[in-house]
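Inspection log for the structure reproduced underneath, given as structure tokens.
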Amino acid sequence: MSGSNIRVTIVGGGIGGLALANMFERANISYIILEKATRIRALGSSLGLDASSLPVMEQLGLLDDFYRVSKPVRHFNFYNESAKRVGMIDFSDLEEIGGYPAIILDRPAFYQILQKNIPKHKIFYNKRVLSVTQTEESATCQCADGSAYLSDIVIGADGAYSAVRQNIYKSLKQQGRLSSNDDKPLGYNQHCLGKFKWGGGFVLFSCEKTLMVKFHQIGVSEPLDPEKYPCLKLDTTDFEIVIPKDRPYYAIYMPLPNNRLSFAVIQNVPRADARTGDSFKFSEWGPEAAVEMAEVVRDLANPFGGTFGDIIDNTPTDLISKIMLEEKFFECWHDGRVVLLGDASLRDVTTVFETYYHQRSKVAKTALGKSRQFGKVMGDR
């Protein structure tokens, strides 16, 4: 089976699904994307790329596009509860070390770049996948609207609560092949108002299987006055991180192009709730929950001579989100002709998926470990 006559269904039009679609375009692999939303809408947040992911964007011919809409990261500056600077980490030599800088851009710009080379007729909207069935020769996605899509391979890129993964695990559990770890529910250990995600290779190729457990509240402000916020005048970005000793959350401010600030506030969750996740339901994630959490933290001092509330007041409410980042390493990434965000281009599908798992799982575990260490440094103080 050559790459040109493989048929692939990608479930989910997020970063992973769109990135994979770009690769399939370059490799001349036939694919469609099934997206449950009525349109692909990126949350108002920021995202970073570095030497672990920018080479991929260069291979896809997108590197210059990303450079045009981003800023290179220079420093991480740390402040106490009084917004007094207490430390700094220098990242200005990353390009010299790794050949590429670390850059930051807003998520909508990221999505626009990933979508520009994808033909519109290959993205099907309002397609919520309910089930995935497979035979030795094919796999079929059944959608809520009654439609069905037959392909050689199904790739689940549909988020933390992946319908594709749930179908795989249901089948494996019935066969007695699901591990006890994968059978456990997700837990949560942090709230977050706003979100920043560092989009290395781990994020692009393993994000649906290695999950970080955090709640974020995120946002991107309207254009601000550079005289009041001098960091906006720089061609580079300094992460301004405020970590109060006496409160269970910390704030991160990240200057973006066009005089905007991206922000994230992360709130720790008690360990008992982290294990079960029972205290935090989907109903808490809407606009009302975001505004409520914003009010709780609006008096936090910012490094610019004001408070977090000043930034909130200059941010449209529809660009503020309270979201969750889960933290779990799933051991099973594939079953038969169905895989969670993986490569699919050769003849022996099972062998391909097993090779993919063995190559990527160590990287994913390492990335998760580093994320946990960073979260411990930031949260356990």
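The values are calculated or read from the model by the stated rules, or taken from the named source; none is laboratory data. Not measured: the values here are computed from a predicted model. Every residue, glycine among them, receives a Cβ derived from its backbone with ideal geometry; neighbour counts consider all protein chains shown. All accessible areas refer to the heavy atoms of the entire protein, side chains included, with ligands and DNA or RNA removed. Shrake-Rupley method; radii C 1.70, N 1.55, O 1.52, S 1.80 Å.
Given Lys36/Lys122; Lys84/Lys228; Lys84/Lys245; Lys228/Lys322; Lys71/Lys233; Lys36/Lys173, which pairs have Cα atoms separated by over 21 Å?
Beyond 21 Å between Cα atoms: Lys228/Lys322; Lys36/Lys173.
Got a sec? Which residues in region 221-265 would a label at Arg298 touch, if it sits 7 Å along Cα→Cβ and we count backbone N under 18 Å?
The answer is 221-222, 251, 263-265, whose backbone nitrogens lie closer than 18 Å to the label point.
For region 300-308, in order, what is each residue's ³J(HN,Hα) by Karplus, 6.51 cos²θ - 1.76 cosθ + 1.60 with θ = phi - 60°, in whole Hz (x at glycine and Pro)?
4, 5, 9, x, 9, x, x, 10, 4
Carbon and sulfur together cover what percent of the accessible area of region 5-45 at a 1.4 Å probe radius?
Result for region 5-45: 46 percent of the exposed heavy-atom area is carbon or sulfur.
Counting only residues 5 or more places away or on other chains, whose amide H sits under 5 Å from the amide H of Thr307 once H atoms are built in the peptide plane?
Asn302
If I take the Cα coordinates of region 1-113 and project them onto the principal axes, what are the three extents in Å, biggest first?
59, 34, 22
Only four residue types carry charge here, +1 at the Cβ of Lys and Arg and -1 at the Cβ of Asp and Glu. Report the dipole size of region 8-150 about the Cα centre in Debye, rounded to the nearest 20.
That gives a dipole near 660 debye.
Tell me the accessible surface of Arg337 in square angstrom (1.4 angstrom probe, heavy atoms of protein chains only), to the nearest ten.
30 Å²
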